[in-house]
Each structure stands twice: as structure tokens, then as C-alpha cells.
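Read through the structure below, which is laid out as C-alpha cells, and then see the notes.
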Amino acid sequence: MKERISSVIKSFLTAYALTAVFHMSLQREHYGDTIDFIIASIYELLGTYNFTFILIGVLAFFCYEKHRLRKMKTGLHSNLIAAFWAGSLLLGNSFLATDSWDYCFGSLVNFLKTAVAFSGYFMMFGVLVDFIFEGLETGKIHSEKKHFFTKHAFRKCFGILSAVYMVALLLSFPGNLCWDVIGQIEQVTVEGNGFSEHHPLMHTLLVGGLVKLGETVFGSPETGLFLYMLVQNAMLISALSATIAVLAKRKVKFGILLTLLIIYCISPIYSNLASTAIKDVPFTAFVIGYLICLALLLEKPERVSKPKFVVVFVLIQIGTVWMRNNGLPLIVICGVAAVIYLWKKYDWKKRLLSIATVVVAGVLIAKLITMAVAALLGAKAGGKAEMFSLPMQQTARYLTECSDTLSATEREGIEGVFGDVEVVAEAYHPNSADYVKALFDNSAPMEDVLAYFKAWFIGLCKEPLIYLEAFGNHVYGWFTPGVTSALRYETQYDVIGQGMLFADADKVMIFIYRFMDLIPGLGLIQNPGFYTWALILLTVYAWKKRRGDAIFMIAPLWVSLLVCLLAPCFFLHPRYALPLIMGLPFIFVFVIQGQKNSEEA
């Protein structure tokens with residue numbers, strides 16, 4: 001009886017959490033009498049108990065009862081995930097609605113309401129994780145049956161994905177654009193514009209060079225852009241096809257492989273970004289290739305002495321470094337971690353070979369060639385501000401609330417690199433650091449930059465809650481599945497036409513993408529927050545199973561998430577998270593099938 005009462009209480013709290021509607025804090029001055037304010041606060045805390053509440057409560061009760069009757073115990077691993085999911089959902093929704101955490105901590109009533117909702121989410125997510133873990137442990141993932149992907153999986157997937165993505169590309173002919181790539185194209189096509197390493201120089205030469213080729217040979221920059229789009233598409237399609245081919249060789253069930261292929265085909269983010277000229281797409285293709293090679297190496301460490309594998313791995317690392325500036329730290333961090341993990345598995349010869357293969361060779365070759373090309377073209381170095389989006393946002397938010405109480409050291413340090421502190425405060429935009437970054441003096445000497453960070457640290461010590469709230473507002477989109485992602489960069493560029501297949505063809509594509517986003521589930525599988533939750537789930541599962549190799553297979557996706565947190569914004573565009581979104585489905589299946597293999601051995 002006690003157990004059923006417990007299930008009833010849990011069901012009530014879960015229904016409360018799922019139906020709770022948060023508002024800004026009630027203000028005492030808006031009510032004539034204290035008793036009116038108290039009554040309004042009680043109503044706000046209690047919530048509404050309608051049919052939806054009852055329905056959710058009944059369903060939750062059966063779920064908790066099933067969990068109890070199967071004698072499942074929610075342990076530490078499930079509780080850790082549940083707590084993080086619950087907290088990130090509540091805080092994320094508050095930041096989304098108010099650019100602050102006022103829905104959670106703005107008043108005593110909001111805090112109590114958040115605490116009750118958190119408990120409901122926590123218990124619901126804990127049970128959900130238990131069921132997921134059980135499914136991962138008991139589900140059948142391998143099959144000896146011959147199927148469509150048993151032979152020539154790469155070719156078949158490449159053909160199918162090419163046909164699907166070509167439709168999107170033709171409707172966007174010659175290709176969709178974002179602002180970054182327009183600037184890159186102009187570095188090559190506009191005389192005297194000069195080159196810069198602000199964007200990856202080798203990608204700039206690739207996209208700008210092909211547009212220039214089309215303009216010079218065919219008299220059509222559109223033809224050049226379309227050539228680039230074909231190259232970019234081939235990169236991404238090859239990477240995605242390789243994921244299915246690798247899993248097919250490990251005899252993963254047909255249904256799982258088909259599900260991956262369907263996701264690659266119908267999720268709008270794949271075909272949309274494949275038809276958009278943007279550095280993140282080829283970078284993601286190389287990161288997926290890196291994930292595959294790293295997973296294969298950790299699966300069988302002896303591959304480090306296979307010449308073909310080494311050559312492919314090094315070439316993929318070079319491409320990763322060339323396609324985005326953050327490719328280098330990704331390769332170095334994950335490479336060093338992998339070498340440390342593999343150290344005891346190798347003799348000295350293989351240790352040196354692993355260092356050369358996994359850390360040094362690709363980075364060294366990529367950087368030496370880039371430096372030579374940059375020197376030849378006289379390319380300017382990228383600005384210092386690129387790495388400082390988060391502290392800049394914290395400084396700007398701090399100034400909006402505390403500019404009147406600045407010390408002389410703070411004011412001097414901030415104005416040394418930004419200019420007038422009042423201008424910096426006015427430039428603060430909760431969802432993007434670009435407005436503040438535009439004020440940063442990239443020519444400032446290092447002593448001025450260090451003086452700024454001293455001022456930043458002083459502000460942190462004085463007002464840590466402001467800094468913490470600024471951090472949350474800057475990163476919440478990467479952790480909250482309820483935050484919508486934009487499906488399309490709708491950037492116009494007079495030099496290059498778009499949607500030229502027929503009149504308004506690009507608008508047809510936009511309509512299709514927006515309609516697909518309304519279909520339940522499709523919006524979720526292209527949402528960065530959903531993949532962050534899945535990444536956390538997979539990592540904790542690997543930790544629970546003591547799969548050290550799996551932890552290091554997943555590492556590049558954690559580095560990619562870190563890049564997202566340091567990026568200028570979430571701002572509805574998930575391109576920074578493309579490696580996470582497009583790489584996690586493969587690595588999730590690869591890790592689980594490896595666990596099954598080890599258990600069956």
C-alpha cells in the first residue's frame with residue numbers, strides 16, 4: 001500500500017511539473033491589500049488541475065507502478081542524469097522566456113514552484129533513464145541475416161543521400177548562403193580585399209576559388225558556387241555513408257541502420273545545411289571521419305601500425321584542422337587523451353607511432369601548409385576576440401547592472417580594450433556576443449588584454465551571481481530541447497542569385513522545411529539540446545559499464561559541445577553543434593554494439 005501511495009505522490013508531482021506555467025514574479029505593489037497578494041501567490045504556487053493534469057497523472061502512475069513491479073531501482077547514474085535534465089529544462093525555459101533565471105529564483109513563490117517542478121521532473125527522468133538503460137542492456141542490436149546493407153553499404157547510402165540532398169540543392173540553386181561565407185568569397189573575388197585567417201583560410205580558398213573559377217571560366221559566379229556545393233555535399237554524404245558502412249560491417253541490425261539512413265534523409269537540418277555554403281558542413285564531415293577513425297583505433301589498438309589506416313586518419317585530421325579554426329584544439333585534446341589511454345596497450349615503438357599518428361602528423365602538416373599559404377597571400381591573423389565571447393557577455397551584463405560602482409581598475413581595464421563602459425553596456429544583447437565583440441580592439445597590446453581580464457575577475461568576485469546568470473543565458477540553448485532551432489539561413493547576396501531553378505524555388509524549400517518542423521519528432525531530432533542530453537546519457541552509460549574506450553570515443557563530441565559554449569551565440573542557429581548532431585547517432589550505436597560484443601565474447 002505504501003508503495004502505491006508513493007506512486008500516487010510521484011504521479012502528482014510529475015503532472016505538476018509537466019503542466020506548470022511559470023510567470024514573472026508577482027509584485028506586492030500591484031495588489032491593494034497584503035491578503036490579496038498572499039492569495040495570488042498561493043494560486044500561482046498551486047497551479048491548475050485540469051483534464052491534461054489528470055491524464056498525465058494517470059499515465060505517470062502506471063509508469064511508476066511498472067517500474068516498481070519490475071523491482072527496478074533508480075541508482076546514482078540515473079539520478080545524476082535526471083537531476084541535470086530537470087535543472088537544465090527549468091533554467092533553460094526561464095532564460096528562453098525572460099533572458100534571466102527569474103522564473104526559477106525571482107521570488108519565493110517562483111523558487112517553491114521550481115522546487116516542486118524539479119522534484120516531479122527528477123523522478124520522471126530517473127525512471128525514464130532506468131527504462132532506457134534496461135533497453136540498451138537487453139535489446140538486440142546484431143543480426144546474422146543478410147539485408148540491404150550487407151554488401152556495398154557505402155555505395156548504396158551515397159546514392160540514396162545524393163538523390164535526396166540534390167532535390168534540396170536544386171531548389172536552392174546554386175546554393176544557400178550565410179553571412180560568413182559571403183565574406184570568405186569576397187576575399188578571393190574582390191580585388192584588393194585581402195585575406196584573413198578570421199575564417200579558416202583553406203576553406204576560404206576552396207569556396208572563393210570555385211566561385212572565382214565559375215565567374216572566370218563560365219561567366220557565372222552561380223556556376224562556381226554550385227561546384228562548391230557539389231564538393232561540400234560529396235564530403236558530407238561520404239561521411240554519413242561511411243557511418244552506416246562501418247556499422248554494417250559489425251552486423252548491426254537492418255532496422256537500426258535503416259533508422260539512421262532515414263534520419264539522414266528526412267531530418268531537415270541535414271539536407272538544409274548540405275545545401276548551404278558554410279564552413280561548418282565540411283568541418284562536420286571531417287569530424288565524423290575523425291570519430292570513425294578514433295573509434296576504430298580504440299576498438300583495435302593494433303590499427304596504429306596499419307599504413308592505410310594511418311594515412312586515412314592523418315588526412316582526415318588535416319581536413320579537420322583546415323575546415324574550422326577550432327579543429328586544431330579538437331585534434332590535440334582528443335589525440336593526447338587517446339594516446340594516454342592507449343599507452344599501456346603499446347610497446348615503445350607503437351607508443352611513438354601513436355603520438356605521430358594521433359597527435360602530431362596531421363596537425364603539423366596542416367599548420368605548416370596553412371602558414372606557408374598565409375605568408376604567400378599576406379593573410380591577416382584572426383582577431384583575439386574570437387575566443388572571449390563568454391567573458392565579454394559576462395562583462396557586458398555586469399556593466400548593465402553595476403556600471404555606477406566600478407572601481408578605477410575595472411574601468412581602466414575594460415575601457416582599454418572596449419572603449420566607454422556605457423557604450424559596452426548598451427551593446428549588450430542577451431542572445432549574442434557579436435555586438436560586444438564588435439567593440440573589442442583586436443590591435444590592443446597583450447598588457448591591455450591582461451588588464452581587461454583582471455577587471456573581469458574583479459567583477460566576478462564582486463558579483464558572482466550576475467556572472468553565473470550571464471553564463472546561463474549565454475549557453476542555455478545547448479542544453480534545453482524545448483528551444484527551437486532555425487532551419488534555414490535566409491541571407492541574400494546581390495552578386496549571386498538563389499532559388500534559380502524556377503521563380504521562388506527557394507521559398508518552396510523554406511516552406512517545406514518549416515512544415516516539416518511541425519511534424520512531431522522531426523523538430524526534436526535536429527535540436528542541439530536533445531543531442532546534449534543524449535550525449536550525457538551515453539557518457540554516463542559508458543561510465544556505468546566501465547568502458548574507458550567508449551569514453552574516449554565520445555570525447556570529440558564533448559570538445560564540440562565546449563566549442564558551442566564558447567561560441568558567440570546560440571541565437572536559434574545550431575551550426576556550431578553540427579558535429580554533435582550529425583556525429584552522435586553513429587557513435588551512440590557504435591558504443592552500444594561494442595558493449596554487446598564484449599558481453600557476448
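Values computed for the structure shown
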read-out: Mean projection area, nm², convex hull over Cα of segment 2-138; value: 9.8 nm²
read-out: Sparse-neighbourhood loop sites, GluC sites (Glu not before Pro) in segment 1-93 - DSSP loop, at most 12 other Cβ within 10 angstrom; value: none
read-out: Amide hydrogen neighbours beyond the local backbone of Ser196, cut-off 5 Å, H modeled; value: Lys380
read-out: Spatial separation of Cα centroids for segment 1-47 and segment 196-231, in angstrom; value: 58 Å
read-out: Within segment 438-556: Cβ-based charge dipole about Cα centre, in debye rounded to nearest 20 (Lys, Arg +1; Asp, Glu -1); value: 820 debye
read-out: Computed E for Thr491/Lys71 - FRET, C-beta separation, R0 60 angstrom, nearest 0.05; value: 0.60
read-out: Inter-probe distance in nm under a simple model that places probes 7 Å from Cα toward Cβ, at Gln27 and Leu213; value: 6.2 nm
read-out: Segment Lys249-His152, length gained on full extension (0.36 nm per residue, minus Cα span); value: 33.9 nm
read-out: Inter-site label distance for Lys300 and Glu422 at 7 Å from Cα along Cβ, in nm; value: 6.9 nm
read-out: Residue-by-residue Karplus 3J(HN,Hα) for segment 329-343, coefficients 6.51, -1.76, 1.60, Hz, glycine and proline x; value: x, 4, 5, 5, 4, 6, x, 4, 4, 5, 5, 4, 5, 7, 3
read-out: Inter-site label distance for Leu501 and Phe51 at 7 Å from Cα along Cβ, in nm; value: 4.3 nm
read-out: For segment 483-560, with +1 on Lys and Arg beta carbons and -1 on Asp and Glu, the positive-most of Phe502, Thr491, Gly548 along the dipole; value: Gly548
read-out: Point-charge dipole on Cβ atoms (K/R +1, D/E -1) for the chain, about Cα centre, debye to 20; value: 4120 debye
read-out: Fully extended contour minus Cα-Cα distance, from Val311 to Val58, at 0.36 nm per residue; value: 85.3 nm
read-out: Trypsin sites (Lys or Arg not before Pro) within segment 64-123: DSSP coil, no more than 16 neighbouring Cβ in 10 Å; value: Arg70, Lys71, Lys73
read-out: Efficiency of FRET from Cβ geometry, Leu112 and Ser403, R₀ 30 Å, rounded to 0.05; value: 0.35
read-out: For q = 0.05, 0.08 Å⁻¹, Debye-computed log10 I/I(0) when each Cα of the chain counts as one equal scatterer; value: -0.25, -0.66
read-out: Spatial separation of Cα centroids for segment 50-109 and segment 342-411, in angstrom; value: 38 Å
read-out: Amide H contacts of Thr276 (H built 1.01 Å from N, under 5 Å, at least 5 apart or other chain); value: Asn176
read-out: 222 nm mean residue ellipticity, helices alone, for the chain (DSSP H n ≥ 4; -39,500 (n - 2.57); rounded to 500); value: -23000 deg cm²/dmol
read-out: Dipole magnitude (debye, nearest 20) for segment 2-138, charges at Cβ of Lys, Arg, Asp, Glu; value: 720 debye
read-out: Vicinal HN-Hα couplings computed from phi for segment 541-549 (Karplus, 6.51 cos²θ - 1.76 cosθ + 1.60; Hz; Gly/Pro x); value: 4, 5, 4, 4, 8, 6, 9, x, 4
read-out: HN-Hα J in Hz across segment 509-522 - Karplus 6.51, -1.76, 1.60, θ = phi - 60°, x for Gly and Pro; value: 5, 4, 4, 4, 4, 5, 5, 4, 5, 7, 6, x, x, 5
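No value in this document is a laboratory result; all are computed from the given coordinates. Please read all numbers here as calculations on a predicted model, not as lab measurements. Positions of Cβ are generated from backbone atoms using ideal geometry, with glycine treated the same way; all protein chains shown enter the neighbour counts.
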